[in-house]
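Below: one structure, written as structure tokens.
The values are calculated or read from the model by the stated rules, or taken from the named source; none is laboratory data. Remember, it's a predicted structure, so these values are computed and weren't measured experimentally. Every residue, glycine among them, receives a Cβ derived from its backbone with ideal geometry; neighbour counts consider all protein chains shown. Accessible surface is based on the protein model in full, side chains and every heavy atom, while ligands, DNA and RNA are left aside. Shrake-Rupley method; radii C 1.70, N 1.55, O 1.52, S 1.80 Å.
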Amino acid sequence: MTADLSTSLPLSALENAAEFLPRHIGIDAADEAHMLSVIGEASRRALIDSIVPRSIARSSAMDLPPAAAEAAALAELKAIAGKNQLLKSFIGQGYYGTHTPGVILRNILENPAWYTAYTPYQAEISQGRMEALVNFQTMVCDLTGMPIANASMLDEATAAAEAMTLAKRSVKSKSNVFVVAGDAHPQTIEVIQTRAKPLGLEVRLANSADEWNTLLDGDYFAVLAQYPATSGRIDDLRADVEKAHAKQAAFIVAADLLALTLITPPGEQGADIVVGTTQRFGMPMGAGGPHAAYMACRDEFKRSMPGRLVGVSVDVHGKPAYRLALQTREQHIRREKATSNICTAQVLPAVVASMYAVYHGPEGLKRIAQRVASYTAILTQGLQQLGAPVRAQATFDTVSLHTQNATQSIASKAISLGANLRIYFKEYLCISLDETTTRADIELLWKIFAKDGQALPTFDAFEKGVEPLIPAELRRTSSYLTHPVFNTHHSETGMLRYIRQLSDKDLALDRSMIPLGSCTMKLNATSEMIPITWPEFANVHPFAPADQLVGYKELDEQLRAWLCQATGYAGISLQPNAGSQGEYAGLLAIKGFHESRGDGHRNICLIPSSAHGTNPASAQMAGMQVVVTACDASGNVDLVDLKAKCEQHSANLAAVMITYPSTHGVFETSVKELCALVHSHGGRVYVDGANMNALVGVAAPGEFGGDVSHLNLHKTFCIPHGGGGPGVGPVCVVQDLVPFLPGHATAGVAGGVGAVSAAPLGNAAVLPISWMYIRMMGADGLQAATETAILSANYISARLKDHYPTLYASENGHVAHECILDLRGLKETSGVMAEDVAKRLIDYGFHAPTLSFPVPNTLMVEPTESETLFELDRFIDAMIAIREEVRQIENGALPQDNNPLKNAPHTAESLLSGEWARPYTREAAAYPVAALRSNKYWSPVGRVDNVWGDRNLSCSCIPVADYA
Ligand SMILES: *Cc1c(COP(=O)(O)O)cnc(C)c1O
């Protein structure tokens, strides 16, 4: 019998099988009809019309290419990637070739268990990644010789700028001068200059040894030296450190971690702050990012240190447990008085770097470094034999040559032979080696410098008795990475299991929805992720000649054009590498605009009390003065108060920063009037774009009155959160602010306010993710995603309204793409706090919604368009079941201090060991709903004690004895 293969479906329907849209959006037509009936609206169109104010609706649809299926989009992007040229890079300057160990590449960088996790604010479900981050902190402390290190910075240049402000806050010197060694990496100098200007700090560059000595004898609050210098030279820092300390100033060192395995660490030379990048520990160059930078400092500075810090504490059972330490320094609590605006950092790259150290161990790292140092010595000898103008210097991995007017021709010859050398101050060449350098590479380098007919040195001739060019007094004698974690998992089997053991402790999107309001934890589709490790994107140096980066240029141009369509703005820069950095860049644009018109006195920034903490922290960094404005009873910006403050500060008004739809989850109807009001006082409107998932295709901030926005590509545009980074925070502006977007002199990119990131395209290597998303969704798909996100939030709000009222809604009772569940009443009736519900959700297998932001003791839920109706209902049913548990406390069946909520999360051990003396059953603790019996997540620790950890601060690997 032959099967009948004919079909009544049109061909186009068969072709749709490859469509991406239904893969991205979890809700189908039948689900949608059901959800609308629960909400009480006739159609999705009617729902959206009843929510999005007519006055802000888009004037026209987005002009984007029609949606491409997954395979077609990948093929198109592959062709773009192919326009990048892969030459062997000897450029150095902070970016080096590295081998990502396969076991780390596949099981971390390409593994959703790691890359779809959220920032570890909920400690109990984040123990795995926090252990990896404590390993990172320990690795940095050991290699730098410093007592404390944080869990990553955005890049080396911004880390250096943060070190400058940390020093300013911490030292006794009252000077405003910051001395920077001229042979620091140029991109670091550039970012420091950008950061110093609005703060009124004066950067003095020392361009020679004489200038350096003169400046160090002067007055300053801190000094920064690169170690080894960008030209490769290694200097003994001890005498200079003493000079700085005599001036009550801080000494900052930007140091290379691989070099530190062989040379005396800055901590042993008296440095106060050490920063740098961990890129060459397994993260590909990726045209500049993402990579984890690090910061370590002396103990006295730790309460003023920027960035996240993972600390060791204990859980309710007295067992060691990790959690984020000293959070009171951070922007979400201290706002404009925060130590920095950093929120999203570089967790995933930090995990990769830490695992690289776990994988290689101290001996392996040392071998890699010794090979680099030996090859550098051999390269030098061969070049000398050829008569090349090698500069004599102590060095680890870089040879510097004074090639004078032959510089350009030698560099061109190198390119024709497939190698990029670095041109330094026009008449020098620098050659940096790395883990990937081979004998053949060294011979190629000799060939580049050989004159016609000159005999080439042979590698073998130098092999015996090769001595690295590191002087005896600068060689490292102290040990590092002695903790067992760096000395155990050296077989691939062991490493694989260690990685798996950690990820099994964590809840990421690969296990359940993460309904975090304001964070947009949507699908990070595999097809979107695939291109980031293509060699054409991964293995290019950010400062390679522009004609080798044509693929990235095209990616940048297309993505910016599409994002302009999505936002209604005229110009965009992709350089900022997190939302916070986009805010900062946007405020600098506003400041630059005012200054260009002789209005430099305009420095007041009005920010509603409900704003995200990064907003006031960024305004402070941009040198603006923050004035907080009120919100009214329905959660909207209080227009009366705003008007009064605009009038009061009219002459000095720089900007107003709002979030739209508001962080209260509501589309305010008067946003156009608000923008007009601010404009009438000469101020500019900053619209925080973190909530763009409620707007794309529906309304455009650049059309309804915004002048500047940042986007979070790691929220709305599908870059995964990585456990707390990487992110991309493009800054988008209207036409007259385009001249004030960031530039990048080091990379030859002209531009207004200077560089805000180390690399011209910031976290360039993750941009393909957002490109793929937009390319596969098309204009209609993106609009459908927005509308479905709004539908799902309203469905949750509607189904939960009899159990947990939604705090803020528009007059018809609807919300935007997220809803705030009001739990404040429960305290009075049962003693239950929102945090107890958040922890109890862990027992039900969920990551909690956003806790107590923007309103204390509430939960903010954002389901996104990607979740299925099944998962939405599972969450809603869990919330309802928890409400029933609260009712048992309310009616006295359970005591207020001993119930499933207060004791949550329940570990397996606490249920199994000893007598069970609680007023509820073990089954009620572990399996409150039946489905958990077949799919159960067990919290690895009980509730973590935050206060204990801050009182007994410890931020490196737990000594083995403490596990006993
Ligand atoms: C996430 C967020 C930010 C900060 O973005 P990062 O990328 O984490 O720096 C700013 N504003 C709002 C409203 C946000 O939700």
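Output the antiparallel fraction of DSSP beta bridges having both residues in the stretch 120-346, as a percent to the nearest 5. That works out to approximately 45 percent antiparallel. What do you get for the angle between helix 834-843 and the principal long axis of the chain? Use alpha-carbon atoms, 0 to 90 degrees, nearest ten. The angle comes out near 80 degrees.
In this rough spin-label picture, where each label sits 7 Å from Cα along the Cβ direction, the A633-F425 distance is 6.9 nm. A Cβ-based charge dipole, computed about the Cα centre of the stretch 120-346 with Lys and Arg at +1 and Asp and Glu at -1, lands at about 860 debye. For the chain, the solvent-accessible area with a 1.4 angstrom probe is 34 square angstrom per residue. Summary of packing: across the peptides 267-276, 804-813, 430-439, the per-residue average of other C-beta atoms within 10 Å ranks them, highest first, as 267-276, 430-439, 804-813. Note on the chain: dipole from Cβ charges, positive end direction compared against Q370, V815, V352; the farthest Cα belongs to Q370. Using 26 Å as the Cα-Cα cut-off, could you pick out the over-long pairs in K302/K337; K83/K197; K426/K464; K88/K451? Those over the limit are K83/K197; K426/K464. The alpha-carbon of K827 sits under 25 angstrom from the alpha-carbons of these lysines, leaving out residues fewer than 8 places away in its chain: K801, K839, K902. For the stretch 571-770, a/c is not less than 1.5, where a ≥ b ≥ c are the root eigenvalues of the C-alpha gyration tensor, and a/b does not top b/c. That puts it in the oblate class. Note on the chain: helix-only mean residue ellipticity at 222 nm, from DSSP H runs of 4+ residues weighted -39500 (n - 2.57) and normalised by residue number, equals -11000 deg cm²/dmol.
Computed in the context of the full set of protein chains, the accessible area of the stretch 120-346 at 1.4 Å probe radius has 50% of its extent on carbon or sulfur. Highest mean packing comes first when the peptides 196-207, 644-655, 254-265 are listed by Cβ atoms within 10 Å, giving 254-265, 644-655, 196-207.
Each Lys and Arg Cβ is given +1 and each Asp and Glu Cβ -1; about its Cα centre, the chain then shows a dipole of about 1480 debye.
Using Stokes-Einstein with the Kirkwood hydrodynamic radius over Cα pairs, what translational diffusion coefficient do you get for the stretch 543-662 at 4 °C and a viscosity of 1.567 mPa s, in µm²/s rounded to a whole number? Result for D is 80 µm²/s. Applied to the stretch 388-396, the Karplus parametrisation 6.51 cos²θ - 1.76 cosθ + 1.60 on θ = phi - 60° returns per-residue 3J(HN,Hα) values of 6, x, 5, 7, 5, 7, 6, 8, 9 Hz, with x for Gly and Pro.
For K413, a cut-off of 14 angstrom between C-alpha atoms picks up these aspartates and glutamates, skipping any fewer than 8 places away in its own chain: D452.
Working from label points 7 Å from Cα in the Cα-to-Cβ sense, the H601 to R204 distance is 3.2 nm. Quick one: Debye curve from the C-alpha atoms of the stretch 65-123, no solvent, what's log10 I(q)/I(0) at q = 0.17 Å⁻¹? Treating every Cα as an identical point scatterer, log10 I(q)/I(0) equals -1.01.
Pull up the DSSP beta bridges for the chain and report the antiparallel fraction as a percent, rounded to 5. In the chain, approximately 55 percent of DSSP beta bridges are antiparallel ones. Axis angle, to the nearest 10 degrees, between helix 156-170 and the longest C-alpha principal axis of the chain: 80 degrees. Each DSSP beta bridge with both residues in the stretch 571-770 is either parallel or antiparallel, and the antiparallel ones are about 35%. Across the cross-link table entries K78/K936; K591/K645; K168/K715, which are compared at the Cα atoms, the separations over 30 Å belong to K78/K936; K168/K715. In µm²/s, what is D for the stretch 77-175 at 10 °C and 1.306 mPa s, where D = kT/(6 pi eta Rh) by Stokes-Einstein and Rh is the Kirkwood radius from Cα pairs? It comes out at roughly 91 µm²/s. Taking amide hydrogens as placed 1.01 Å from N in the peptide plane, the amide H of V749 sits under 5 Å from those of H744, each at least 5 positions away in sequence or on another chain. Shape of the stretch 120-346 from the C-alpha gyration tensor: prolate (a/c of 1.5 or more and a/b above b/c, with a ≥ b ≥ c the square roots of its eigenvalues). Applying 1/(1 + (r/R0)^6) with R0 = 41 Å to the Cβ-Cβ distance of Q327 and K172 gives a FRET efficiency near 0.90. The overall shape of the stretch 815-964, judged from the alpha-carbon gyration tensor, is rounded, with an a/c ratio under 1.5. Label separation (V929 vs E467): 7.1 nm, computed from points 7 Å beyond Cα along the C-beta direction. Counting only protein heavy atoms and a probe of 1.4 Å, the accessible surface of the stretch 817-964 is 52% carbon and sulfur.
First compute the accessible area of the stretch 571-770 with a 1.4 Å probe, then give the percent of it belonging to carbon and sulfur atoms. C and S fraction of accessible area: 52 percent. For the pair A570 and A392, what calculated FRET efficiency results from E = 1/(1 + (r/R0)^6), where r is the Cβ-Cβ distance and R0 = 41 Å, to the nearest 0.05? With R0 = 41 Å, the Cβ-Cβ based efficiency is 0.20. Sorting D236, D210, D688 by solvent-accessible area of protein heavy atoms yields D210, D236, D688, largest first, with a 1.4 Å probe. Accessible area of M777 (1.4 Å probe, protein heavy atoms only, ligands and nucleic acids ignored): about 10 Å². The protection proxy used here, the mean number of other Cβ atoms lying within 10 Å of each residue, ranks peptides 601-610, 490-499, 726-735, 103-112 as follows, highest first: 726-735, 601-610, 103-112, 490-499. Remark on the chain: Rg and Dmax equal 28.3, 96 Å (Cα only). Helix 639-648 axis versus longest C-alpha principal axis of the chain: approximately 40°, rounded to the nearest ten. For the pair D802 and A57, a Förster radius of 30 Å applied to the C-beta separation gives a FRET efficiency near 0.40, rounded to the nearest 0.05. If the chain linking A46 and V550 were pulled fully straight, counting 0.36 nm for each residue of separation and taking away their Cα-Cα distance, it would gain 176.9 nm.
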